[in-house]
1. Name every residue in segment 95-107 that is open to solvent by 20 Å² or more (accessible area, probe 1.4 Å) and touching a residue at least 60 places away in the same chain (Cβ under 8 Å), in order of residue number.
2. For residues that are touching a residue at least 60 places away in the same chain (Cβ under 8 Å), more than 24 Å from Ser63 (Cβ to Cβ) and polar (S, T, N, Q), scanning just segment 9-33, find the one that is surrounded by the most Cβ atoms within 10 Å (Cβ to Cβ).
3. Is it the case that Ala58 is open to solvent by less than 10 Å² (accessible area, probe 1.4 Å), among the aliphatic types (A, V, I, L, M) and within 23 Å of His134 (Cβ to Cβ)?
4. Restricting to segment 81-93, give me the number of residues that are closer than 17 Å to Gln8 by Cβ and either open to solvent by less than 20 Å² (accessible area, probe 1.4 Å) or among the hydroxyl-bearing types (Ser, Thr, Tyr) (or both).
5. For segment 4-33, what are the residues that are at positive phi and aliphatic (A, V, I, L, M)?
6. Out of the residues in segment 139-153 that are assigned to a helix (DSSP H, G or I) and not aliphatic (A, V, I, L, M), state the one that is most open to solvent (accessible area, probe 1.4 Å).
7. So which residues in segment 114-130 are part of a strand (DSSP E or B) and buried (at least 21 other Cβ atoms within 10 Å of the Cβ), if there are any at all?
8. Against the definition (more than 23 Å from Gly137 (Cα to Cα), among the charged types (D, E, K, R), touching a residue at least 60 places away in the same chain (Cβ under 8 Å) and touching a helix residue (DSSP H, G or I) at 6+ places or on another chain (Cβ under 9 Å)), how does Asp41 come out, yes or no?
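The values are calculated or read from the model by the stated rules, or taken from the named source; none is laboratory data. Because the structure is predicted, anything quoted here is derived from the model rather than measured. Cβ: placed from backbone, ideal geometry, glycine included. Neighbour counts: every protein chain shown. What goes into the accessible areas is simple: the full protein's heavy atoms, side chains included, and nothing from ligands, DNA or RNA. Shrake-Rupley method; radii C 1.70, N 1.55, O 1.52, S 1.80 Å.
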Amino acid sequence: MTIAPTLQRYMSDQGISYDLIQHEPAMTSLGTAHAGHVPGDRLAKGIMLSDGQNYMLAVLPASHHLRLSDLKMELGQELRLASEDEIVEVFRDCDRGAIPPVGTCYGLDVIVEDSVERQPDVYFEGGDHATLVHVKGDDFARLNPRAQHGTFSDRM
């Protein structure tokens, strides 16, 4: 697999230009950044959350970790990390743990960490552990057009 079909169709429909970068397989977002020779601040990762009834996707840099308590306060709702089984159910065409930080095409609400929006280029996993998708920062914003924005992570 190089890019999940759902993501590929969505990017094509939105007229988003992108490059694919092959790299040695990696199982963590920082490992992926290293393998792809990409700064951790420019590699966006998605973390799927649940409020008990609905799912949402938090998007933050690979170089950061999620502050769930800050996100709960920012959104004004109780949230938990989604289980692996829940993630697999939503991201059916992606390898386990390689979800793209593009929730719109998977029917998810999205909140993007402010620091991702400041990047001139954004890289992300497109559905497997050996391929990165590279887009311009402005185009990444177009992939999640109704995303909320906030500050809810810290550098590792």
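1. Listed by number, the residues that qualify are Asp95, Gly97, Thr104, Cys105, Tyr106.
2. Gln14
3. Yes.
4. Adding up the residues that qualify gives 1.
5. none
6. Looking at the filtered set, the residue picked out is Arg142.
7. Matches in segment 114-130: Val122, Tyr123, Phe124, Glu125.
8. So Asp41 does not fit the description; no.
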